[in-house]
Amino acid sequence: MDTGLTTIPEAAIEKHRAVAQSFITRIVVLEDPARESGTALAGTNRRFVSTVSVGSVRRTREVELTRTVAAIHPDDQLLTIPQHTLLFRARRGASIALAVSDVFAEGCDLEALQARNLRAPLEGEDAAAFKKLLSASAYIAAFSLSSYLFQLIESDGEAPNDVPEPDFLFDTPQDAVKSILAGLDKTISGASDDTDLMTRARAFARVAIDGLLARKGRFDALGPFENAHIRIDVDDFTLDGFDVAPGKRSKPLVMTFKKPEEVVGNHIAKYQSVKLAKMLMAYDFQRELNPFVELGGFLFTFIGDGAPGTGKTTLIQMIAGLVNGYCGIAGYPFVYENFGVDQISSYQGKSGQNCRQFINNVLNPRVIGFGTIDDIDQVAARRSDDRASAGQQEITGVLMDAFAGAATVVRGNCAFGMFSNYPENVDDALRQRAGARWLVDGPQTRDDYIDIFVLLAGKNHKIPLGDHKLYAAQEIQRAVSEAYEQHDKPGEDGLIRVHERFMKENGAPKTLADIGTYLHMIKEAEPRFTGRAIKNVTDAIKMRAMDIELPDEWFETPETFMHKAYDDKKAMIEDLRGPFSMEMVMQEVNRYADSEFRYADKSDDAAVEKLLRDARLRERAAREMEELKKKGLW
């Protein structure tokens with residue numbers, strides 16, 4: 001099949017509408033009674049299942065989806081909007097699924113074998129190939145219908161945990177579609193209201209997709225469909241092979257965007273945010289790779305920490321605004337998602353599923369993605385924290401696997417940002433998976449405070465500015481150079497002692513061996529400074545080597561840079577980069593190590609403060625007990 005974008009014409013879908021209508025009106029399906037639930041056990045969601053095997057006996061069941069949906073409100077002859085929407089989506093999805101199976105048949109030998117089989121029954125190898133391709137076509141039809149329902153049915157309710165898997169049939173595409181509709185009918189039967197109806201329908205689609213993906217290995221003729229990209233513009237429906245990442249229907253991004261000049265202070269974080277936005281736009285959709293990944297310096301994950309009110313949310317709004325603007329110029333799809341505490345579920349395993357879906361939506365190689373986890377110390381728990389919920393522990397595991405797991409592939413089309421007021425409460429292994437550390441400390445200098453007051457006060461006054469050059473301190477290049485120079489020497493007390501001892505014993509570093517010695521001394525003082533910390537430092541150094549300012553002119557029109565071929569983009573970037581220096585190396589080592597010592601100190605300070613508070617409470621309780629004893633009340 002063509003690996004480019006395939007658009008199915010409306011006529012090809014409409015020819016299946018009559019069949020799809022008959023499917024939602026009345027069908028008869030064969031089902032395995034062994035899969036059926038028996039008598040319900042009182043007080044549980046479980047049912048009695050007979051231990052007597054019925055073998056391969058199958059029985060028929062009449063399915064009338066239209067009647068099942070109408071039964072939700074038996075006293076109303078008209079369907080509600082959610083009822084009608086579900087029926088329409090089921091019929092439309094069935095038509096599209098059959099049309100997609102036709103596209104698959106046209107792209108392989110199935111169509112020719114079908115024509116020959118009509119003239120005379122196939123035999124031998126042809127018959128085996130025909131059966132194999134027909135089963136693959138049925139599987140694709142089932143997957144297309146399930147994906148369509150999952151993408152286009154909208155529901156905000158909590159998914160139930162008792163949704164049964166459909167009894168899949170893969171004899172023909174029509175049988176596969178019928179089996180999905182029969183499973184949908186069984187799932188929504190007895191729904192309490194419209195909200196429950198839509199919630200159960202979408203949950204069924206998710207269960208069906210999971211079941212299909214688990215069976216994918218049984219079909220060895222699916223190869224041509226793996227790289228298919230199918231688009232139905234009328235429905236805003238996309239199929240990228242068997243990738244479930246497009247499972248979230250695209251909506252216009254609604255956010256209050258901030259411009260770089262509206263961010264006061266946080267110079268290094270602001271500078272790297274602007275760079276990250278431009279880096280993402282170097283992604284090549286044909287090669288599915290970013291030149292910055294190959295050349296070094298791409299920022300896949302980062303963590304921003306600072307006190308409340310220092311500008312973390314403003315940074316998120318600035319990055320999202322920049323990327324959204326660039327994507328609008330280039331015509332690229334942009335996905336922004338935030339994962340928050342509202343997605344922690346009481347159902348076992350559901351929190352991990354929500355987090356994995358969030359990761360997949362942002363990782364989707366057909367979009368430019370930006371994902372954030374705000375207040376990550378509340379969302380993901382330390383693995384050693386006994387008070388954390390099971391959902392928080394699940395999220396920690398999913399994030400660790402996604403950010404630096406065995407199967408993690410960095411393509412360069414997306415980035416993830418973690419933000420916290422208390423990063424010392426984040427699990428050490430998860431925090432070290434953040435490739436960059438941004439200290440979001442907000443405005444610091446007198447000029448910063450003048451700038452932010454003037455910015456927030458607005459223009460509804462006639463008060464003179466006074467002796468001050470407005471926003472001069474916010475000029476990125478000047479501010480960043482000053483900010484980086486602050487890291488020529490460490491800032492945290494623990495690291496200062498290590499640095500002084502190193503300088504006393506070795507003098508100023510001149511070789512790579514000197515840097516290794518300094519890193520080892522840091523490791524001895526702070527055990528959490530592991531090999532992954534060294535990797536993050538070297539990635540930051542490579543990013544500094546790529547510390548090039550991609551010209552704004554490259555992003556004003558798509559043809560100048562964004563729509564160029566991958567090799568041309570890579571060459572344009574290579575022309576701008578230079579080697580890194582010893583000064584850069586020491587600044588990045590100190591910057592990263594400072595953050596580890598800062599987190600350790602905060603964690604220790606919090607522990608000491610808790611012990612002191614407990615001791616004070618015990619002393620106070622002892623005094624009050626003595627007073628009560630004197631009064632005879634204890």
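Odds and ends about this structure:
- Karplus 3J(HN,Hα) series, Hz, for the stretch 608-615 with 6.51 cos²θ - 1.76 cosθ + 1.60 (x for Gly, Pro): 5, 4, 5, 4, 4, 4, 4, 5
- Here volume of the Cα convex hull per residue in Å³ was calculated from the structure, and among (1) 242; (2) 289; (3) 257 it sits at label (2).
- The heavy atoms of R366 present about 70 square angstrom of accessible area, all protein chains included, probe 1.4 Å.
- Counting only protein heavy atoms and a probe of 1.4 Å, the accessible surface of the stretch 65-148 is 54% carbon and sulfur.
- Extension reserve of the D210-A407 stretch, reckoned as 0.36 nm per residue once the Cα distance is removed: 69.0 nm
- Acute angle (nearest 10 degrees) that the helix 446-457 long axis makes with the longest principal axis of the chain, alpha-carbon atoms: 40 degrees
- Å² per residue, accessible surface of the chain at 1.4 Å: 50 Å²
- The stretch 124-207: radius of gyration and largest Cα-Cα distance (Dmax), Å: 15.0, 53
- The stretch 496-580 - charge dipole about Cα centre, Lys and Arg +1 at Cβ, Asp and Glu -1, debye rounded to 20: 760 debye
- Label sites at V28 and Q286, each approximated as a point 7 angstrom past Cα along Cα to Cβ, lie 5.5 nm apart.
- Over the stretch 522-581, relative contact order from alpha-carbon pairs under 8 Å, at least 6 apart, %: 35 percent
- C-alpha long axis of helix 531-545 to longest principal axis of the chain, angle in °: 80 degrees
- If R0 is 25 Å, the Cβ-Cβ spacing of L612 and R528 corresponds to a FRET efficiency of close to 0.55.
- Of all DSSP beta bridges in the chain, antiparallel share, percent nearest 5: 35 percent
- For the chain, the dipole from Cβ point charges (+1 on Lys and Arg, -1 on Asp and Glu) about the Cα centre works out to 1180 debye, to the nearest 20.
- Couplings 3J(HN,Hα) for the stretch 187-196, derived from phi with the Karplus relation 6.51 cos²θ - 1.76 cosθ + 1.60 (θ = phi - 60°), are 5, 8, 4, x, 4, 6, 7, 5, 5, 5 Hz, where x marks Gly and Pro.
- Gain on full stretching of the segment that runs from H520 to Q21 - 0.36 nm per residue minus C-alpha separation: 172.6 nm
- Computed over the chain, the per-residue total of -39500 (n - 2.57) for DSSP H runs of n ≥ 4 gives a 222 nm mean residue ellipticity of -16500 deg cm²/dmol, rounded to 500.
- FRET E, pair Y347, D193, Förster distance 22 Å, beta-carbon r, rounded to 0.05: 0.60
- Length added when fully stretched, D552-R383, from 0.36 nm per residue minus Cα-Cα: 56.4 nm
- Averaging the Cα positions of each part gives two centres, and for the stretch 147-203 and the stretch 107-123 these lie 33 Å apart.
- Pairs over the 26 Å Cα-Cα cut-off, from the set K610/K631; K312/K523; K178/K350; K258/K350; K504/K610; K278/K535: K610/K631; K312/K523; K178/K350; K258/K350; K504/K610.
- Cβ-derived FRET efficiency at R0 35 Å, K259 paired with A565, nearest 0.05: 0.65
- For the stretch 494-533, alpha-carbon Rg relative to the globular expectation (2.2 N^0.38 Å, N residues): 1.11
- Helix 350-363 axis versus longest C-alpha principal axis of the chain: approximately 80°, rounded to the nearest ten.
The values are calculated or read from the model by the stated rules, or taken from the named source; none is laboratory data. Since this is a predicted model, take the numbers as computed values, not measurements. Every residue, glycine as well, gets a Cβ built from its backbone with ideal geometry; the counts of neighbours run over all protein chains shown. Accessible surface is based on the protein model in full, side chains and every heavy atom, while ligands, DNA and RNA are left aside. Shrake-Rupley method; radii C 1.70, N 1.55, O 1.52, S 1.80 Å.
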